[in-house]
Amino acid sequence: MRQLFLNLNELVFSLRTVEIMFFLIADQNKTFWFPEQASTFAPEVDWFFLAVTYISLAFFVLIVGFMVYFMYAYRERPGYRGSPEALHNNALEIGWTVVPTIIAVWIFYRGTIGFLDMMTIPADTRDVQVVAKKWAWSFGYPNGVIDNELHLVVNEPAKMIMRSDDVLHSLFVPAFRAKCDVVPGRYATMWFEPTKTGTYDLFCSEYCGDQHSKMGAKVVVHTKEEYDAWFTKMQIPPSDPVEYGKLLYAKTMGCASCHSIDGAKIVGPSFKGTWGGEVALAVGGTVPFDENYVRESVLNPQAKARAGYEKASLMPSYQGRLKEEQISALIAYMKSLKSE
Amino acid sequence: MSAVISKPLVAPVESAKEPGNFLTHTSGFLSWALTLDHKRIGLMYLVGVMSSFLLGGVLALVVRAHLFYADGAFLTLKQYNQIFTLHGAVMVFLFIIPSVPAALGNFLLPIMLGAKDVAFPRLNLSSFYLWVGGAIFFLVAMLTTGLDTGWTFYTPYSLETTGPVVLATMGVFILGFSSIFTGLNFIVTINTMRPPGMTWFRMPLLLWAIYSTSIIQVLATPVLGITMLLLMAERFLGIGIFDPKLNGDPVTYQHFFWFYSHPAVYIMILPAMGIISELMSVHSHKGIFGYRMIAYSSVAIALFGFLVWGHHMFTSGMANVTTIVFSALTFTVSIPSAIKVFNWLFTMYKGTVSLTTPMLYALSFMFLFTIGGLTGLPLGALSIDRHFHDTYFVVAHFHYVMMGGTLVAFLGGIFHWWPKMVGKMYNELGGQISAGIVFVGFNLTFLPQFVLGTRGMPRRYATYVPEFEFLHQLSTYGAFLLGIGLFVALGVLINSLFRGKKAPTNPWGGATLEWVCSSPPPHDNFSKPPVVGDPYDFRGLEYDAREGGYVRRK
């Protein structure tokens, strides 16, 4: 009896394991194949992919079915001898040329229709200026509001006007089933219409160097009211310069993707404990780390490259992108890191 | 008196009956290093490409082990980028491209033609040394300075990264010449050295495949050479063709690069298809179904393959019309591949199917290549590709084609021709077990990657969001299983060198000319020109237990 109980327990346990595995394979809110459907493109891509997959599966089952059957039926065995003669059958040859061709033409046609919808940008869109640089995204909204998150309004088409400051990047939002490369030297445009509020992942999907896998951002889809509230808040910078500097550092300007505040070397030097000291230069000698040094390094990064960061070429110039009071705020923030 | 004479006469006759083969013909290091014998060159290539494969495979396992955890297991981001670059570059340039044509092709092509050697034996040796030189140059360049551009060298990243892009591209340039020389040599050999009676449509299908491949090698590889030179010129002279800072266009580089590298995909897969044509018919002991369709489809793939490079750039911002045209052309290339699969399948119909090691690899190929081919359909469809481009779906797709296709066919080919190459039979059960482990391990590695792709996991990521961890772990387990399978295969082959039975002339019952030669073949292949018949005429080929192989009865 006890043994039976144990066996039953084991069985239940293993069933649970299988259940958990299935749960892990297919997240509950999403389908087995896809993440959430959060844009108008998503239903089209999903059903079309599933249609192609089922057609493919039918062919696959047919091919593997025949293969396994032939392996069994015509296997080499005592007393059996198959024909050595080469066979040929024109009807079959024509059949398996024409049928796949028809299916391929249909897939091409459907794919092209869907593609043209994705490429045809509606007339009245909410425009976002996207800047990709190693290794952060920045999103520009009206009135000079800049943020490192992409904020959108549900059920309103949005157009991304994208440029890269250095190498190839690619903006990819899986929940929107949308992707477009950002090629330096020209503007790339893409659009999508979110259909569901929430927060989604945005990835860089074109290899861009060291921190490629870290070059992500969040997409926040708001209701109209939420968006307006957010936008109003963003237009008024914090009055405290340290707070303002922190906002610029962490969110708006994306300094944090290259400069840490805990002493770690990411790409550029850390801000921790540097204020007020002397820094060694790549060309030799030292300079005091003061207001003028920070200002010059932000506007013309190559002017006084630090030892260990000889090229400083990874740092783009912020000439024209930072206002004077923003530079002052960043300086105030760096000072505050010293006192902590 | 007669007894006295007859005794010493017997021994020399016996030893003369044991003819020297190409392995024992001469000996010493220089007899190999300076050989003009296509078979020895083929074997040296085989050692070279398999060493490259071992290196590329170990790197793949490092990549998979690192990706076991979402935050990465043990590499820094930069190290990961260098290792996946090295993995891709080694596998593509040093393993897959030369694998079948240079290693098996060199060994088999002249024998299948009933010839003594290729048309230009010295060019053949020089292309081997170009390959060795290029490979060493390339590896030293990559290892000493940590190239991290990915195997594609995309601009402008490759123009500004500190890695030794110029040295690596120089290596690719040299390897390209090796590839061109081999292609040229094979084209001339097939055109001029076929024996009387071997018309185009009496050629073994492997030769059709190698011929098509050679045409691509000769026509497409120079474009890679030009691209690499332009890349060097851009880096040194700043001519302003690819670099946007100098008014160049990075997308131009992509066009140049893929104009070679997409046809190169067919350089990789076509010879593998040729192998499968041989394996399916020989191990079904039955003539190939639809010979002409398979032959024509090889040529069709070679031609269409030149016109589809744009599908690597569907999201890079080409004009809509260009994108749509490339999509249409991409679908055309799927048809000849489908035709091949159906014809191989029906070759088994009413045959006598022996489930030998090579056949198991060939059947694995059928399974895996079908998945690889079918998953190309959604990628060719423009709307779906917006989501799938540069995700793991693409990674899984091309590994199914390149690895499940080319590598598995190559292994099948090695097991098929191994007795011919070294004159030893391997342990059949061991070989079958390796095929089974490779099959299971491969699917466990790459099936989860399709799902990772549809869920939006971008490729070339050293770390990833936690919800992808489970599927990544499945994939890592699979990769290690696959590694075990490959080591079993290697062990079976090496074991056969020491403990294998002597191979008969025709262990599988093949009807092409290499199975007329002894195993291993003599130095000059055929002492008298062979009689050329139908390469797929299996009538009268019967197993002879005394011989341990097949003999043809009239």
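The values are calculated or read from the model by the stated rules, or taken from the named source; none is laboratory data. As the structure is a computational prediction, the values presented were derived from the model and not from experiment. Counting neighbours? That spans all protein chains shown, and the Cβs are built from the backbone with ideal geometry, glycine included.
Among the candidates B:R460, B:R546, the residue that is assigned to a loop (DSSP other than H, G, I, E, B) and within 11 Å of another protein chain (Cβ to nearest Cβ) is uniquely B:R460.
Checking B:S334, B:S316 one by one, the residue that is at pLDDT below 95, touching a Leu at 6+ places or on another chain (Cβ under 9 Å) and not in a helix (DSSP H, G or I) is B:S316 and no other.
Here B:Y426 clears all of (1) in contact (Cβ under 8 Å) with a residue 12 or more places away in the chain; (2) part of a helix (DSSP H, G or I); (3) away from chain A (no Cβ under 14 Å) except the condition numbered (2). Of the residues B:F369, B:F365, B:F388, B:F342, the single one that is more than 17 Å from B:G413 (Cβ to Cβ) and either more than 7 Å from every other protein chain (Cβ to nearest Cβ) or in contact with a Lys or Arg (Cβ under 6 Å, 6 or more places away or on another chain) (or both) is B:F388. Taking first residues from the range A:56-75 that are in the same structural domain as A:T101 (by TED's automatic domain parsing) and of a type in the set (S, T, Y) and partners that are surrounded by 15 or more Cβ atoms within 10 Å (Cβ to Cβ) and assigned to a helix (DSSP H, G or I), the Cβ contacts under 6 Å between residues at least 6 apart in sequence or on separate chains come to A:S56/B:L374.
Looking only at the range B:59-71, residues that are in a helix (DSSP H, G or I) and over 15 Å from B:L139 (Cα atoms) come to 7 in all. The strands (runs of 3 or more DSSP E) falling completely within the range A:197-287 that include 3 or more residues that are away from every other protein chain (no Cβ under 14 Å) map to A:217-222, A:278-280. Out of all the residues in the range A:140-173, which are within 12 Å of chain B (Cβ to nearest Cβ) and assigned to a strand (DSSP E or B)? The answer is A:M162, A:R163, A:S164, A:H169, A:S170, A:L171, A:F172, A:V173. Summed over the range B:139-158, the residues that are farther than 25 Å from B:V395 by Cα and of a type in the set (A, V, I, L, M, F, W, C) give a count of 2.
Against the test of being free of Cβ contacts under 8 Å to residues at least 60 places away in the same chain and either closer than 30 Å to A:M162 by Cβ or in contact with a Leu (Cβ under 8 Å, 6 or more places away or on another chain) (or both), the options B:L307, B:L303 yield a single qualifying residue, B:L307. The residues of the range A:85-94 that are in contact with a helix residue (DSSP H, G or I) (Cβ under 9 Å, 6 or more places away or on another chain) and either surrounded by 15 or more Cβ atoms within 10 Å (Cβ to Cβ) or more than 9 Å from chain B (Cβ to nearest Cβ) (or both), listed by number, are A:A86, A:L87, A:H88, A:L92, A:E93. The residue list B:L355, B:L377 contains one member that is at the interface with chain A (Cβ under 8 Å from one of its Cβ atoms), assigned to a helix (DSSP H, G or I), among the aliphatic types (A, V, I, L, M) and in contact (Cβ under 8 Å) with a residue 40 or more places away in the chain, which is B:L377. The numbered conditions (1) crowded, with 18+ Cβ neighbours inside 10 Å; (2) under 25 Å from B:K245 (Cβ atoms) are all true for B:V166 except (1). When restricted to residues that are within 20 Å of the chain's Cα centre (by Cα) and within 13 Å of chain A (Cβ to nearest Cβ), the range B:290-310 contains 5.
Residues in the range A:164-186 that are in contact with a strand residue (DSSP E or B) (Cβ under 6 Å, 6 or more places away or on another chain), charged (D, E, K, R) and either at pLDDT 95 or above or crowded, with 24+ Cβ neighbours inside 10 Å (or both): A:K179, A:D181. So for the range B:141-148 (the condition being out of contact with any strand residue (DSSP E or B) (no Cβ under 9 Å at 6 or more places or on another chain), among the β-branched types (V, I, T) and in contact (Cβ under 8 Å) with a residue 24 or more places away in the chain), does at least one residue qualify? Checked against the condition, which is being out of contact with any strand residue (DSSP E or B) (no Cβ under 9 Å at 6 or more places or on another chain), among the β-branched types (V, I, T) and in contact (Cβ under 8 Å) with a residue 24 or more places away in the chain, the range B:141-148 yields no hits at all.
Among the residues of the range B:452-470, those that are free of Cβ contacts under 8 Å to residues at least 60 places away in the same chain and either among the small types (G, A, S) or surrounded by fewer than 21 Cβ atoms within 10 Å (Cβ to Cβ) (or both) comprise B:E467, B:F470.
Filtering the range B:178-211 to residues that are polar (S, T, N, Q) and without any contact (Cβ under 8 Å) to a residue 40 or more places away in the chain leaves B:N191, B:T199. The combined condition, being hydrophobic (A, V, I, L, M, F, W, C) and assigned to a helix (DSSP H, G or I), is not fulfilled by A:A132. Out of curiosity, is B:R40 closer than 30 Å to B:V465 by Cβ and in a helix (DSSP H, G or I)? Answer is no for this residue. If you go through the range A:65-80 one residue at a time, do you hit one that is in contact with a strand residue (DSSP E or B) (Cβ under 8 Å, 6 or more places away or on another chain), within 7 Å of another protein chain (Cβ to nearest Cβ) and in a helix (DSSP H, G or I)? Looking through the range A:65-80, at least one residue is in contact with a strand residue (DSSP E or B) (Cβ under 8 Å, 6 or more places away or on another chain), within 7 Å of another protein chain (Cβ to nearest Cβ) and in a helix (DSSP H, G or I). Checking each residue in the range B:138-187 for being in a helix (DSSP H, G or I) and small (G, A, S) picks out B:A141, B:S158, B:A168, B:G171, B:G176, B:S178, B:S179, B:G183. If a residue must be within 13 Å of chain A (Cβ to nearest Cβ) and part of a helix (DSSP H, G or I), how many such residues does the range B:243-288 contain? Number of matching residues: 17.
Taking the criterion of being within 14 Å of chain A (Cβ to nearest Cβ), more than 17 Å from B:I96 (Cα to Cα) and of a type in the set (V, I, T), the residues of the range B:133-182 that qualify are B:T149, B:T155, B:T161, B:T162, B:V165. Scanning the range B:1-37 for residues that are part of a loop (DSSP other than H, G, I, E, B) and over 34 Å from the mean Cα position of the chain (by Cα), we see that the one that is modelled with the lowest pLDDT is B:M1. Look at A:M118 and say whether it is facing chain B (nearest Cβ under 10 Å) and at pLDDT 95 or above. Spelling it out, it is not the case that A:M118 is facing chain B (nearest Cβ under 10 Å) and at pLDDT 95 or above.
Scan the range B:122-139 for residues that are in contact (Cβ under 8 Å) with a residue 12 or more places away in the chain and out of contact with any helix residue (DSSP H, G or I) (no Cβ under 7 Å at 6 or more places or on another chain) and jot them down. Correct list: B:R122, B:L139. Inspect all residues belonging to the range B:509-526 and state whether any of them is assigned to a loop (DSSP other than H, G, I, E, B), within 14 Å of chain A (Cβ to nearest Cβ), in contact with a Phe, Trp or Tyr (Cβ under 9 Å, 6 or more places away or on another chain) and over 21 Å from B:G42 (Cα atoms). Looking through the range B:509-526, at least one residue is assigned to a loop (DSSP other than H, G, I, E, B), within 14 Å of chain A (Cβ to nearest Cβ), in contact with a Phe, Trp or Tyr (Cβ under 9 Å, 6 or more places away or on another chain) and over 21 Å from B:G42 (Cα atoms).
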